[in-house]
Every structure is written in C-alpha cells, then in structure tokens.
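These notes are about the structure you will find just below.
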Amino acid sequence: MIRLALAQVNPTIGDLEGNASIVTRAISDAMAQGADVVAFPELVITGYPPDDLLLSPAFITDSNQALEHAAKATDGITAIVGCIDQSEGRLYSAAAFLARGRVQAVYHKHHLPNYGVFDERRGTDQLWIACETREKDKAQLEEAIRQAVADEIGLMPAQVC
C-alpha cells in the first residue's frame, strides 16, 4: 500500500525562498507521518498566479533553483510539486516529480482554464504559460513515478500496478 499525503499549504506569490521552505517543511511533516508520496498545489513554488513575474528571466532561474532546493528534502519520500518549467523557449505550468534528492521528471499542464478568475491562456503568444500535450512525456513521467515509488517503498518494479 502506498500512503499519499496532500499538502494543503498557502504559498506567497513571488516568495520563492519562502515557498521552497514551505514545501520542505511539508515534505518533512509527510515523512514523519509515514507518507510515501506527498502532492502539492499547482505553482506552489512561485505562488499562484505569478502573472507578470513570468516576464523576468531572473525569476524563472530563481524558481528553478528553489525547486532544486526543495528536491533535496526528498530522501526517503517522493513529492509532486507545482512549478514553472521552461523548455525550448516556452514556459509551462508544470508538475515536477521529486525523489532521491533531485528532480526526476516534469509534466507540463495542457488543459488551461480561461473562465472566472482563471486567465491562464492569456499571453501564450508572449510565452507566459503555454500548453502542449505530450503523450511521450506523460508516459515517461508515469514510468518515473512507478519506478521511484517502487524504489522508495522497496518493491520490485514488476510488483507495481
């Protein structure tokens, strides 16, 4: 059996260092409660919504460093952390899969809401948060999750369903 923790946290928009600390504390708490996997909200590293902060290359770089810092806390647990990912010059709202002290895989969000308070499609031509479906990436992420969770809880890969 895999024990899953859901981290209900309140990150601050733009406070990358503070948000990374929130994530590492929640990872530690989840481990103390015996969780195998802990899942975090969308864009927990940057705070939601990051809006114009995404126009700053330094903010993107610092966001990646904050994610790497949080990944170091994953010795003995896996974490799924909402973040920004940059690939081929485009920005994505993403879920990073952290395990064994590093980022193992990243999956890009591809259903961007654009109603009510959500304005996630705004600026896709300006490289804010772009959407793209990548079945290959999805399959790689699913396999990385299965393998890392199996490693963390001592199962052989053939035993993972």
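Tabulated results
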read-out: Matching residues, the range 46-68, being touching a helix residue (DSSP H, G or I) at 6+ places or on another chain (Cβ under 6 Å) and touching a residue at least 40 places away in the same chain (Cβ under 8 Å); value: Leu53, Phe59, Asp62, Ser63, Ala66
read-out: Matching residues, the range 38-58, being assigned to a helix (DSSP H, G or I) and modelled with pLDDT of 95 or more; value: Ala58
read-out: Of residues in the range 39-68 being among the hydrophobic types (A, V, I, L, M, F, W, C) and more than 12 Å from Val9 (Cα to Cα), the one most open to solvent (accessible area, probe 1.4 Å); value: Leu55
read-out: Complete set of residues in the range 3-37 that are part of a loop (DSSP other than H, G, I, E, B), out of contact with any helix residue (DSSP H, G or I) (no Cβ under 6 Å at 6 or more places or on another chain) and not polar (S, T, N, Q); value: Arg3, Ile13, Asp15, Gly34, Ala35
read-out: Residue within the range 26-38 that is surrounded by fewer than 20 Cβ atoms within 10 Å (Cβ to Cβ) and under 14 Å from the mean Cα position of the chain (by Cα) present; value: no
read-out: Count - residues of the range 73-94 that are in contact (Cβ under 8 Å) with a residue 40 or more places away in the chain and under 18 Å from Gln104 (Cα atoms); value: 13
read-out: Subset of the range 4-25 (residues that are open to solvent by 90 Å² or more (accessible area, probe 1.4 Å), of a type outside the set (D, E, K, R) and either touching a residue at least 40 places away in the same chain (Cβ under 8 Å) or under 21 Å from Asp51 (Cβ atoms) (or both)); value: Asn10
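The values are calculated or read from the model by the stated rules, or taken from the named source; none is laboratory data. Everything quoted here is computed from the prediction, not taken from an experiment. Using ideal geometry, Cβ is built from the backbone for each residue, glycine included, and neighbour counts are taken over all protein chains shown. Ligands, DNA and RNA are excluded from the accessible area calculation, which covers all protein heavy atoms including side chains. Shrake-Rupley method; radii C 1.70, N 1.55, O 1.52, S 1.80 Å.
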